[in-house]
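Read-outs: derived from the displayed coordinates by stated rules, not from any lab. As the structure is a computational prediction, the values presented were derived from the model and not from experiment. Here the Cβ positions follow ideal geometry from the backbone for every residue, glycine too, while neighbour counts run over all protein chains shown.
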Amino acid sequence: MLDVVEKVLVTQEEIMKRCAEMGKQISEDYKNKKEIPLVVGLLKGSVPFMAEIIKHIDLEIQIDFMDVSSYEGTESLGNIRIVKDLDCSVNNLSILLVEDIVDTGRTLKEVKRMLMSKGAKEVNVVSLLDKPERRVVDIEAEYVGFTIPNEFVVGYGLDYDQKYRNLPYIGVLKREVYEQ
Ligand code: XMP
Ligand code: MG
């Protein structure tokens with residue numbers, strides 16, 4: 001374990017098991033809806049989670065990525081900007097948005113609004129983590145891997161200062177790392 005990590009909150013094994021469960025659930029739900037979603041990962045945090053979960057989605061999906069970063073340090077700013085837009089049109093598509101974490105909910109609400117305004121038919125969200133205590137806007141992901149307490153976490157895509165995204169687990173970052 002890296003010495004900046006206080007404790008491991010979710011292990012790699014737990015993440016992989018949950019991805020298999022969620023992928024199966026998503027496959028069943030979309031088969032019933034008769035929709036094939038465009039799976040959209042929000043860069044960069046969703047990359048490891050997206051790579052794992054799509055292996056368990058038993059549908060002829062396509063994938064794409066968007067980058068809408070506005071997050072600096074440990075506080076979300078609310079106003080997001082598009083750093084990288086999707087390659088394809090979303091018109092009339094069913095979108096499955098893949099996020100690393102729903103925190104205040106501002107990012108998700110804004111991205112959902114943008115995609116709907118560009119003509120998406122529906123936007124559902126799958127998030128590896130959910131921190132409900134921090135929510136300031138009324139939004140929930142349709143699929144959540146793990147609900148976690150209000151602690152700053154890194155790993156499995158999540159960063160502090162662009163670092164630690166490569167950790168294979170979700171860990172709580174030591175306070176001294178971001179309070180120094
Ligand atoms: P909002 O507040 O808009 O933010 O829901 C979602 C984005 O905030 C980042 N975020 C975190 N990143 N550890 C991180 O490394 C955390 O504990 C954390 N909480 C929020 C993340 O980029 C997410 O997409
Ligand atoms: Mg993010």
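Taking the inverse of the mean reciprocal distance over all distinct Cα pairs, the Kirkwood hydrodynamic radius of region 92-180 comes to 14.1 Å. Nearest 10 degrees, 0 to 90: what angle lies between the long axis of helix 12-33 and the longest principal axis of the chain (Cα atoms)? On a 0 to 90 degree scale, this one is about 20. Evaluated with a Cβ-only charge set (Lys, Arg +1; Asp, Glu -1), the chain carries a dipole of roughly 340 debye about its Cα centre, given to the nearest 20.
Against the chain, whose longest principal axis is taken from its Cα atoms, helix 106-117 shows a tilt of about 20°. Estimate the FRET efficiency between Lys17 and Arg113 by the formula 1/(1 + (r/R0)^6), using the beta-carbon distance for r and 41 Å for R0, to the nearest 0.05. Step by step, r from the Cβ atoms, then E = 0.80. Take every pair of alpha-carbon atoms less than 8 Å apart whose residues are at least six positions apart; their mean separation over the length of the chain yields a relative contact order of 25 percent. Extension gain for Gln62-Gln180 works out to 38.2 nm (0.36 nm per residue, less the C-alpha to C-alpha distance). Measuring how big the chain is from its alpha-carbon positions, Rg and Dmax come out at 15.8, 52 Å.
The distance between label points at Lys31 and Ile139 comes to 3.1 nm (points 7 Å beyond Cα on the Cα→Cβ vector).
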